[in-house]
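Contents: one structure, followed by commentary.
The values are calculated or read from the model by the stated rules, or taken from the named source; none is laboratory data. Worth saying up front: this structure is predicted, and the values here are computed from it rather than measured. Backbone-built Cβ (ideal geometry, glycine too); neighbour counts: all protein chains shown.
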Amino acid sequence: MSQLTILSNEGHDKRKGNPRTHTHSTFKARGITNLPIIVSQLLKFPECNELSNLGQMISDRCVIELLLHAVLDYDSTVGALVSGFPRTDIQVEALKMLHDKMSHL
């Protein structure tokens, strides 16, 4: 993959506007033509909705697996932008491992 850009929602105040406000300008600046991977949209898959409807947390493993599948489905020549990740310490560590592996490709 030519580039993977991560936009975390950390510290975002939803009262100040749409969390994807800067997504379009980031796409233009980096020349990314794939649609963004928005983690909150990935979590709307049926298996995640079932857990949410039962009041259960969606595991880091599930979130990371959904994200990796989404990244692999994208055109690797134009990069991908991920919004809303990481949200937990485990996801941060997974992101570090992904970065390390990708930098060796």
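Things worth noting here:
- Here is the figure for region 56-89: residues that are of a type outside the set (S, T, N, Q) and part of a loop (DSSP other than H, G, I, E, B) total 11.
- Residue check for Leu35: without any contact (Cβ under 8 Å) to a residue 24 or more places away in the chain and under 13 Å from the mean Cα position of the chain (by Cα): yes
- Residue selection: Ser59 fails the criterion of being polar (S, T, N, Q) and either at pLDDT below 90 or touching a Gly at 6+ places or on another chain (Cβ under 9 Å) (or both).
- Taking the criterion of being under 21 Å from Leu95 (Cβ atoms) and not in a loop (DSSP other than H, G, I, E, B), the residues of region 41-55 that qualify are Gln41, Leu42, Cys48.
To keep it simple, each residue is scored yes or no on (1) touching a helix residue (DSSP H, G or I) at 6+ places or on another chain (Cβ under 6 Å); (2) surrounded by fewer than 16 Cβ atoms within 10 Å (Cβ to Cβ); (3) more than 13 Å from Asn34 (Cα to Cα).
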| residue | (1), (2), (3) |
| --- | --- |
| Asn49 | no, yes, yes |
| Met57 | no, yes, yes |
| Glu65 | no, yes, yes |
| Ser76 | no, yes, no |
| Ala80 | yes, no, no |
| Gln91 | yes, no, yes |
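- Extreme residue, surrounded by the most Cβ atoms within 10 Å (Cβ to Cβ), among residues of region 20-40 that are aliphatic (A, V, I, L, M) and assigned to a helix (DSSP H, G or I): Val39
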